[in-house]
Amino acid sequence: MSEDLEELSFSYLEKGWHDLAEREREVIRSIIERKQISRNVNRLIDEDRTFGQKVADEVARFGGSWTFLISFALILCAWVILNTFMLVRNAFDPYPYILLNLFLSMLASVQAPVIMMSQNRQAARDRLDAAHDYQVNLKAELEIREIQEKLDELRERKWSELLLMQERQITVLEQLLKKVTE
């Protein structure tokens, strides 16, 4: 089997088996063994997520949504209206809204790193997707080359058969011409 792999790697990639990256060797193995190489990368990543990663993804998903933006704007407006107009004498956070600024700072200090964790995971997922796409594309390219070689071989064989048939026809025509002229 190793000899078959090495021979295949030379014929397709004009490189030695050991010069190939592991990803490329895996693609060649999948061709020889007729195995599917494509897989759902998102499912694999989602299965391995920890609780913290799930929370980070949900916070990032919600923090970047219109629901969050609209509800946050409504809460801010309610806070300002409540403390400016409704509770004129006994406002719990009078202008300049120091308590509100404290809450906003705390929210930003917690939300930003969580969103960055989620973005880092997304970048890792994108890298994995790109590597998977490379493998699938490489396998497709190698299989297309194999099909092209088979088509070329078939075309050559057909041309040979056609030439042989044409030679026979010429021979038969020459014999007929000989008989007619005699």
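Annotations for the structure displayed:
- Residue selected from region 66-85 under the condition loosely packed, with under 12 Cβ neighbours inside 10 Å and either in contact with a strand residue (DSSP E or B) (Cβ under 6 Å, 6 or more places away or on another chain) or not aliphatic (A, V, I, L, M) (or both), by the criterion nearest to residue 104 (Cα to Cα): 77
- Looking only at residues in region 31-61 that are at pLDDT below 80 and polar (S, T, N, Q), the one that is nearest to residue 115 (Cα to Cα) is 42.
- Of all the listed residues (140, 131, 112, 124), the sole one being over 22 Å from the mean Cα position of the chain (by Cα) and part of a helix (DSSP H, G or I) is 112.
- Region 14-32, residues that are part of a helix (DSSP H, G or I), of a type outside the set (Val, Ile, Thr) and under 23 Å from the mean Cα position of the chain (by Cα): 22, 23, 24, 25, 26, 29, 30
- Taken over region 33-92, the criterion of being in a helix (DSSP H, G or I) and aromatic (Phe, Trp, Tyr) is satisfied by 51, 62, 66, 68, 72, 79, 85.
- Extreme residue, surrounded by the fewest Cβ atoms within 10 Å (Cβ to Cβ), among residues of region 86-120 that are within 20 Å of residue 62 (Cβ to Cβ) and touching a helix residue (DSSP H, G or I) at 6+ places or on another chain (Cβ under 6 Å): 111
- Which listed residue is more than 30 Å from residue 30 (Cβ to Cβ) and in the same structural domain as residue 31 (by TED's automatic domain parsing), from 162, 151, 142, 138: 162
The values are calculated or read from the model by the stated rules, or taken from the named source; none is laboratory data. Keep in mind it's a predicted model, so treat the numbers as computed, not measured. Methodologically, a virtual Cβ is constructed for each residue, glycine included, from the backbone with ideal geometry; neighbour enumeration extends over all protein chains shown.
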